[in-house]
Amino acid sequence: MNHAYGSAPTGIMNPAEVRLPTGDHFARRARRLETLAERHPPLGEFLAFMARLAAAQQVALERGMPSWQPAPGAFDLALAHGMPPLNAQALLDDIDLPGELEALLAALELHVGEAQRPLIAALHRLPPQALRRLAGQVVAGEAGEPDMRGLMPLVAAALQVAWLRLVPTLPHAPKRPQGELRALCPCCGSPPVASLVESDPQSSGVRYLQCGLCATQWYFERSLCTLCEQSGKLDYLSLAPEADAAAVGDPGVAQAEACGDCGGYLKLFSRALDADAEPLADDLASLALDLLLGEEERYRRSGYNPLLIVEG
Ligand SMILES: [Zn+2]
Ligand SMILES: [Zn+2]
């Protein structure tokens, strides 16, 4: 799984435009979630479960063999034309969806409490067509039907594993997306979960968007709305330290890049403030910020985190 595609040509002035996820991605996310679970006691149980889920994703990724492999050259045309080669909607019928879900559940089953057992049992019983429909809703960012909603985060987790399997099958990393695709993942076409501002010497101060599905990161200019590309009415909002301490136990590093032009916001995590920030994990740990912005009804969330159901 380890591969060097997309790694930085190391030079201070030349940060990588696209960074593909590494083979230990879920293991690193699991460690981050464990840290965050300790740091934010009110969310501790939720984040600890998400840590176990990420650890199970790592096991499933390493154990499972994909039953479907893309044909050689399958992605050349898309790569040459700057289209996402691993388009999520397009490949849903190609990947082994039931196999991916079973691999994840097998890895998770030993580590869940009684509360989650009915959920796992329901997923085992899910007919293939129903699973396919849920998967379609997950990649479309839809909330789904109320009675099926509880199953969606685990289906989403299985899809994340499937896409992390696909990324290393690319002959090379895609280029940074252009034009109207600029804010969509250059690998799979999904929206970003959040922004990450780097602090390492090669890319200090560089902003990357991270894909909610396949965890690919791509360069995006700072101080520019990722939704409407205006820059005039951007505001950077975070929880006031005292409010945050009451709500989640510890002042976090989450900021919302909120745009007065289009009314959307995307969270931003700075590695200068916390070197271990991982956008998807830190997004889960900063739900208090979403609640605050939701209450104010000034801005709507744009971040795509398939492990969260956001009722629109
Ligand atoms: Zn992606
Ligand atoms: Zn905007």
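The values are calculated or read from the model by the stated rules, or taken from the named source; none is laboratory data. Here the structure is a predicted model, which means the values were calculated and not measured. Heads up, the Cβs are rebuilt from the backbone with ideal geometry, glycines too, and the neighbour counts pull from every protein chain shown.
Kindly establish whether Met152 is surrounded by 20 or more Cβ atoms within 10 Å (Cβ to Cβ) and touching a residue at least 24 places away in the same chain (Cβ under 8 Å).
Taking the combined requirement at face value, the residue satisfies it.
Given the criterion over 27 Å from Ala78 (Cα atoms), among the small types (Gly, Ala, Ser) and modelled with pLDDT of 95 or more, identify the matching residue among Gly264, Gly252.
That would be Gly264, the only listed residue that is over 27 Å from Ala78 (Cα atoms), among the small types (Gly, Ala, Ser) and modelled with pLDDT of 95 or more.
If you go through the range 268-312 one residue at a time, how many are part of a loop (DSSP other than H, G, I, E, B), of a type in the set (A, V, I, L, M, F, W, C) and more than 18 Å from Gly141 (Cα to Cα)?
4
In the range 196-222, how many are under 17 Å from Val253 (Cα atoms), within 15 Å of ligand 1 (Cβ to nearest atom) and in contact (Cβ under 8 Å) with a residue 60 or more places away in the chain?
3
Residue-wise test of (1) basic (Lys, Arg); (2) assigned to a helix (DSSP H, G or I); (3) at pLDDT 95 or above.
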| site | (1), (2), (3) |
| --- | --- |
| Glu38 | no, yes, yes |
| Pro42 | no, yes, no |
| Glu45 | no, yes, no |
| Ala60 | no, yes, yes |
| Pro66 | no, no, no |
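Hey, any hits in the range 174-190 for a residue that's more than 16 Å from ligand 2 (Cβ to nearest atom) and over 21 Å from Met83 (Cβ atoms)?
Scanning the range 174-190, I find no residue that is more than 16 Å from ligand 2 (Cβ to nearest atom) and over 21 Å from Met83 (Cβ atoms), so the answer is no.
State whether the residues of the range 173-190 include one that is in contact with a helix residue (DSSP H, G or I) (Cβ under 7 Å, 6 or more places away or on another chain) and more than 12 Å from Ala215 (Cα to Cα).
There is at least one residue in the range 173-190 that is in contact with a helix residue (DSSP H, G or I) (Cβ under 7 Å, 6 or more places away or on another chain) and more than 12 Å from Ala215 (Cα to Cα).
Taking the condition of being part of a loop (DSSP other than H, G, I, E, B), of a type outside the set (Asp, Glu) and within 18 Å of Ala162 (Cα to Cα), how many residues in the range 85-125 meet it?
5
What's the number of the only condition in (1) farther than 24 Å from Arg149 by Cα; (2) not assigned by TED's automatic domain parsing to the domain that holds Ser223 that Leu268 fails to meet?
The single condition Leu268 does not satisfy is (2).
Can you find a residue that is among the basic types (Lys, Arg) and under 13 Å from Pro84 (Cβ atoms) anywhere in the range 124-139?
No; the residues of the range 124-139 include none that is among the basic types (Lys, Arg) and under 13 Å from Pro84 (Cβ atoms).
For every residue, the table says whether it meets (1) out of contact with any Leu (no Cβ under 9 Å at 6 or more places or on another chain); (2) more than 16 Å from ligand 1 (Cβ to nearest atom); (3) at pLDDT 95 or above.
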| residue | (1), (2), (3) |
| --- | --- |
| Phe75 | no, no, no |
| Leu105 | no, yes, yes |
| Glu114 | yes, yes, no |
| Gln129 | yes, yes, yes |
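So Thr22 ticks every box in (1) surrounded by 14 or more Cβ atoms within 10 Å (Cβ to Cβ); (2) among the hydroxyl-bearing types (Ser, Thr, Tyr); (3) modelled with pLDDT under 95 but one. Which box is left unticked?
(3)
Go through Val161, Val193 for me and flag whichever is in a strand (DSSP E or B) and modelled with pLDDT of 95 or more.
Val193
Anything in the range 261-300 that is among the polar types (S, T, N, Q) and under 18 Å from Ser223 (Cα atoms)? List them, or say none.
Passing the criteria: only Ser270.
Could you list, in sequence order, the residues of the range 204-215 that are more than 17 Å from Lys175 (Cα to Cα) and polar (S, T, N, Q)?
Hit for the range 204-215 is Ser204, nothing else.
Mind counting the residues in the range 101-129 that are more than 18 Å from Arg52 (Cβ to Cβ) and surrounded by 13 or more Cβ atoms within 10 Å (Cβ to Cβ)?
2
Could you say which residue among Leu213, Leu239 is part of a loop (DSSP other than H, G, I, E, B), in contact with a helix residue (DSSP H, G or I) (Cβ under 7 Å, 6 or more places away or on another chain), buried (at least 18 other Cβ atoms within 10 Å of the Cβ) and modelled with pLDDT under 95?
When all the criteria are applied, what remains is Leu239.
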